[in-house]
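Here the structure comes first, spelled out in structure tokens, and everything after it is commentary.
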Amino acid sequence: MATQTVPLSERKAWKALQTHLQQIGGKHLRELFADDPARGERFTAETGGIFLDYSKNRITDETLKLLVQLADESGLREKIDAMFRGDKINITENRAVLHVALRAPKGESIVVDGEDVVPPVHEVLDKMSAFADRVRSGEWKGHTGKKIRNVVNIGIGGSDLGPVMAYEALKFYSQRDLTFRFVSNVDGSDFAEAVRDLDAEETLFLVASKTFTTLETMTNAHTARDWALAKLGDEKAVAKHFVAISTNAKEVAKFGIDTANMFGFWDWVGGRYSMDSAIGLSTMLAIGPANFRDLLAGFHEMDVHFRTTPFEKNLPVLLGLLTIWYTDFFDAQTVAILPYEQYLKRFPAYLQQLTMESNGKHVTLDGKQVEVQTGPIYWGEPGTNGQHSFYQLIHQGTRLIPCDFIGFYKTLNPLGRHHDMLMANVFAQAEALAFGKTAEQVKAEGTPDWLVPHRVFEGNRPSNTILADHLTPKVLGQLVALYEHSVFTQGAIWNIDSFDQWGVELGKVLAQKIIGELESESEPKMAHDPSTTNLIQRYRKNK
Ligand code: F6P
């Protein structure tokens, strides 16, 4: 199935933005603020306690008007409605895209292929809650009758990054007598280090894989089973120490996990959009069912905002449009995600899969080569650490790097002046990036002439500042949904399929073939390029 859309470069708003860029592209943020001091208050938007200040962007009212017009001409409204309706908008896999159904309240109805998917979502949530209560209370016992004290999630990509990020983000709310570990890498060291101090009798493995065929996860799951059985000595122990989270009951049964211990989800949940499905079981075990439901409520609140708010005031749409503006009109290659909240330390890594697996595409939905750059590189680290590492390049390097600062009015761990000091850095960094320091200012400080150029900050570096009260499960849900829908907005404008991931296939297929070549006793017949053949031979000789 192909869809026809007016090419980007032929959309009226696109052309108007190109002309508009000539007028304002060279303007400095100092000038933009001097001309329009009210922009600091006007270019803000808020929903459900999430506040976005986007005034330090290289835009004017006209830019915003044209970007919103671009969204309209790109059919963003229709595309949003199609997603929420359950249309099969992931056309290359012929699937609906319904992570929004995972957080739809009981009583809502979303129909896919004649079935209302909301009731089964709640059935799984109820099953997860009952299980989580049993494990958290100690009622669920291991094979030898001991309480579960350790939970090891085995998964990769969307079956790992969301769970790890959410566990770290919500650690404050977690049950502290449970230890959580996450194993993703097929590198045996990941598994070995995760279990080295754990007692198998007290350890529960969650095997999280949408397909239940992913090489890394299945290899780790088999190793985990061998490890557990070596200590517990009885096949029957699997039922007490392994649960599966998957869409593939057949493979789960084949692995030896009773499907009664399986928590399901559906093909309309993309891996990178699945942390609020059963894939979030580790999160629920950590923070409890009530907190998990607050997380879902946060997602849902942002979903409603995205679906119903005019684009001019719509946080995910604004973030998405600004990303288009810098990526395609200023040639920006990346977006830096800078959380000033230690608990969000894995948030940038989580967003990398969400954004880059979604929008790292080079053909449009009609199968044509895209005309412009698509998905930028998302990256980042917790804020103050980044300041002493890579911020130099953002301030004085030659690249334009739009930044998202994320901060909170309150900390979960009040300790003397720490929080004010932390937040002072958010405001200072955004201010320095935007306004910089001129040669005149540097000279006025008595800097010798030869040193002046080194100490000048050009400024004019754009940023968004996102603020909320304090980090809660609900706020985390809102933040994740904010970026999910920003990704959607970008994909809608580029007219790409943000929900497939064919780009990870080729490497997987080749690796399967090479595994045999690395392991074969006799010299394998290899049909690779000379470089790969040479590397394989070298490895075989030295391993
Ligand atoms: O990286 C490819 C991918 O398919 C991701 O989209 C997915 O999150 C990950 O692999 C893991 O897949 P699964 O949950 O099926 O093991």
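The values are calculated or read from the model by the stated rules, or taken from the named source; none is laboratory data. Since the model is a prediction, treat every value here as computed from it, not as a measurement. Positions of Cβ are backbone-derived with ideal geometry, glycine not excepted, and every protein chain shown enters the neighbour counts. The area values use the complete protein model at the heavy-atom level, side chains included, leaving out ligands, DNA and RNA. Shrake-Rupley method; radii C 1.70, N 1.55, O 1.52, S 1.80 Å.
Just to verify a result, which residue in segment 189-209, among those that are among the acidic types (Asp, Glu) and over 22 Å from residue 236 (Cα atoms), is least open to solvent (accessible area, probe 1.4 Å)? If you could, list the steps in order and put the result at the bottom.
Looking only at segment 189-209, we keep the residues that are among the acidic types (Asp, Glu), and these are 190, 193, 197, 199, 201-202.
Still in the running and over 22 Å from residue 236 (Cα atoms): 190, 193, 197.
Details: 190: 44, 193: 119, 197: 100 Å².
Out of the qualifying residues, it is 190.
Can you find a residue that is touching a residue at least 40 places away in the same chain (Cβ under 8 Å) and assigned to a strand (DSSP E or B) anywhere in segment 131-140?
no
Taking residue 331 and the conditions (1) away from the ligand (no atom under 16 Å from the Cβ); (2) under 30 Å from residue 68 (Cβ atoms); (3) of a type outside the set (Val, Ile, Thr); (4) buried (at least 24 other Cβ atoms within 10 Å of the Cβ), which numbered condition does it fall short on, given that it satisfies the others?
For residue 331, the exception is condition (4).
Here is a yes/no grid of residues against (1) surrounded by 18 or more Cβ atoms within 10 Å (Cβ to Cβ); (2) within 15 Å of the ligand (Cβ to nearest atom):
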{"residue": "267", "(1), (2)": "no, yes"}
{"residue": "282", "(1), (2)": "yes, yes"}
{"residue": "285", "(1), (2)": "yes, no"}
{"residue": "295", "(1), (2)": "yes, no"}
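Do we find that residue 228 is within 24 Å of residue 201 (Cα to Cα) and in contact with a His (Cβ under 6 Å, 6 or more places away or on another chain) in this structure? Walk me through how you get there before you give the answer.
Details: within 24 Å of residue 201 (Cα to Cα): yes; in contact with a His (Cβ under 6 Å, 6 or more places away or on another chain): yes.
For residue 228, the condition - within 24 Å of residue 201 (Cα to Cα) and in contact with a His (Cβ under 6 Å, 6 or more places away or on another chain) - is met.
Condition first: within 13 Å of the ligand (Cβ to nearest atom) and closer than 30 Å to residue 138 by Cβ. Now tell me which residues in segment 269-279 satisfy that. Step through it out loud before you land on a result.
First, pick out the residues of segment 269-279 that are within 13 Å of the ligand (Cβ to nearest atom): 269-275, 277-279.
Once the filter is applied, which keeps residues that are within 13 Å of the ligand (Cβ to nearest atom) and closer than 30 Å to residue 138 by Cβ, segment 269-279 yields 274, 275, 277, 278, 279.
Just need a number here: residues in segment 53-111 that are free of Cβ contacts under 8 Å to residues at least 24 places away in the same chain, small (Gly, Ala, Ser) and either touching an Asp or Glu at 6+ places or on another chain (Cβ under 6 Å) or under 17 Å from residue 311 (Cβ atoms) (or both).
2
Criterion first (within 16 Å of the ligand (Cβ to nearest atom), out of contact with any strand residue (DSSP E or B) (no Cβ under 9 Å at 6 or more places or on another chain) and hydrophobic (A, V, I, L, M, F, W, C)) does residue 186 satisfy it?
Details: within 16 Å of the ligand (Cβ to nearest atom): yes; out of contact with any strand residue (DSSP E or B) (no Cβ under 9 Å at 6 or more places or on another chain): yes; hydrophobic (A, V, I, L, M, F, W, C): yes.
Spelling it out, residue 186 is indeed within 16 Å of the ligand (Cβ to nearest atom), out of contact with any strand residue (DSSP E or B) (no Cβ under 9 Å at 6 or more places or on another chain) and hydrophobic (A, V, I, L, M, F, W, C).
Among the residues of segment 22-66, write down those that are open to solvent by 40 Å² or more (accessible area, probe 1.4 Å) and either within 21 Å of residue 327 (Cβ to Cβ) or at pLDDT below 95 (or both).
Answer for segment 22-66, where residues must be open to solvent by 40 Å² or more (accessible area, probe 1.4 Å) and either within 21 Å of residue 327 (Cβ to Cβ) or at pLDDT below 95 (or both): 22, 23, 26, 27, 62, 65.
Please name all residue pairs, on different chains or six or more residues apart, with Cβ atoms under 7 Å, provided the first residue is in segment 200-222 and is part of a helix (DSSP H, G or I) and the second residue is small (Gly, Ala, Ser) and within 8 Å of the ligand (Cβ to nearest atom).
So the pair list comes out as 217/155; 217/159; 217/209.
Any residue at all in segment 461-468 that is open to solvent by 10 Å² or more (accessible area, probe 1.4 Å) and part of a helix (DSSP H, G or I)?
Scanning segment 461-468 turns up no residue that is open to solvent by 10 Å² or more (accessible area, probe 1.4 Å) and part of a helix (DSSP H, G or I).
Just to verify a result, which residue in segment 223-246, among those that are in contact (Cβ under 8 Å) with a residue 40 or more places away in the chain and basic (Lys, Arg), is least open to solvent (accessible area, probe 1.4 Å)?
Taking the candidates together, the pick is 240.
So which residues in segment 126-149 are open to solvent by 10 Å² or more (accessible area, probe 1.4 Å) and out of contact with any helix residue (DSSP H, G or I) (no Cβ under 6 Å at 6 or more places or on another chain)?
126, 127, 130, 131, 133, 134, 136, 137, 139, 141, 145, 147
Which of the following residues is of a type outside the set (Asp, Glu), crowded, with 22+ Cβ neighbours inside 10 Å and part of a helix (DSSP H, G or I): 433, 471? Break it down stepwise before answering.
Working: 471 fails: part of a helix (DSSP H, G or I).
None of the other options fit; the residue is 433.
Of all residues in segment 1-21, which are surrounded by 12 or more Cβ atoms within 10 Å (Cβ to Cβ), of a type in the set (S, T, N, Q) and not in a helix (DSSP H, G or I)?
Of all residues in segment 1-21, those surrounded by 12 or more Cβ atoms within 10 Å (Cβ to Cβ) come to 3, 5-8, 11-18, 20-21.
If we keep only those that are of a type in the set (S, T, N, Q) as well, we get 3, 5, 18.
If the condition is that a residue be surrounded by 12 or more Cβ atoms within 10 Å (Cβ to Cβ), of a type in the set (S, T, N, Q) and not in a helix (DSSP H, G or I), then 3, 5 are the ones that fit.
With respect to residue 399, is the statement that it is in a loop (DSSP other than H, G, I, E, B), of a type in the set (Lys, Arg) and surrounded by 21 or more Cβ atoms within 10 Å (Cβ to Cβ) true?
no
Within segment 369-379, is there a residue that is buried (at least 18 other Cβ atoms within 10 Å of the Cβ) and charged (D, E, K, R)?
Within segment 369-379 (the criterion being buried (at least 18 other Cβ atoms within 10 Å of the Cβ) and charged (D, E, K, R)), the answer is no, since none of the residues qualifies.
Can you confirm whether segment 312-321 contains a residue that is surrounded by fewer than 24 Cβ atoms within 10 Å (Cβ to Cβ), more than 20 Å from the chain's Cα centre (by Cα) and not in a helix (DSSP H, G or I)?
No.
Here is a list of conditions, (1) away from the ligand (no atom under 15 Å from the Cβ); (2) out of contact with any strand residue (DSSP E or B) (no Cβ under 9 Å at 6 or more places or on another chain), and residue 219 meets all of them except one; can you say which number that is?
For residue 219, the exception is condition (1).
Yes or no: residue 427 closer than 29 Å to residue 44 by Cα and either assigned to a helix (DSSP H, G or I) or among the charged types (D, E, K, R) (or both)? Steps first, answer last, please.
Details: closer than 29 Å to residue 44 by Cα: yes; either assigned to a helix (DSSP H, G or I) or among the charged types (D, E, K, R) (or both): yes.
Yes; evaluated as a whole, the condition is true for this residue.
Which members of segment 223-256 meet the condition of being in a loop (DSSP other than H, G, I, E, B) and within 16 Å of the ligand (Cβ to nearest atom)?
Taking segment 223-256 and keeping what is in a loop (DSSP other than H, G, I, E, B), we get 233-234, 247-248, 256.
Answer for segment 223-256, where residues must be in a loop (DSSP other than H, G, I, E, B) and within 16 Å of the ligand (Cβ to nearest atom): 247, 248.
Could you grab the pairs with beta carbons closer than 6 Å, sequence gap of 6+ or different chains, first residue in segment 156-173 and more than 16 Å from the ligand (Cβ to nearest atom), second one β-branched (Val, Ile, Thr)?
Pairs that qualify, where the first residue is more than 16 Å from the ligand (Cβ to nearest atom) and the partner is β-branched (Val, Ile, Thr), are 170/287; 173/287.
Could you check segment 192-216 and list, in sequence order, the residues that are within 16 Å of the ligand (Cβ to nearest atom) and of a type outside the set (D, E, K, R)?
At the first step, the residues of segment 192-216 found to be within 16 Å of the ligand (Cβ to nearest atom) are 205-216.
Hits for segment 192-216 are 205, 206, 207, 208, 209, 211, 212, 213, 214, 215.
Which condition from (1) away from the ligand (no atom under 16 Å from the Cβ); (2) under 30 Å from residue 490 (Cα atoms); (3) aliphatic (A, V, I, L, M) is the one that residue 178 breaks?
(2)
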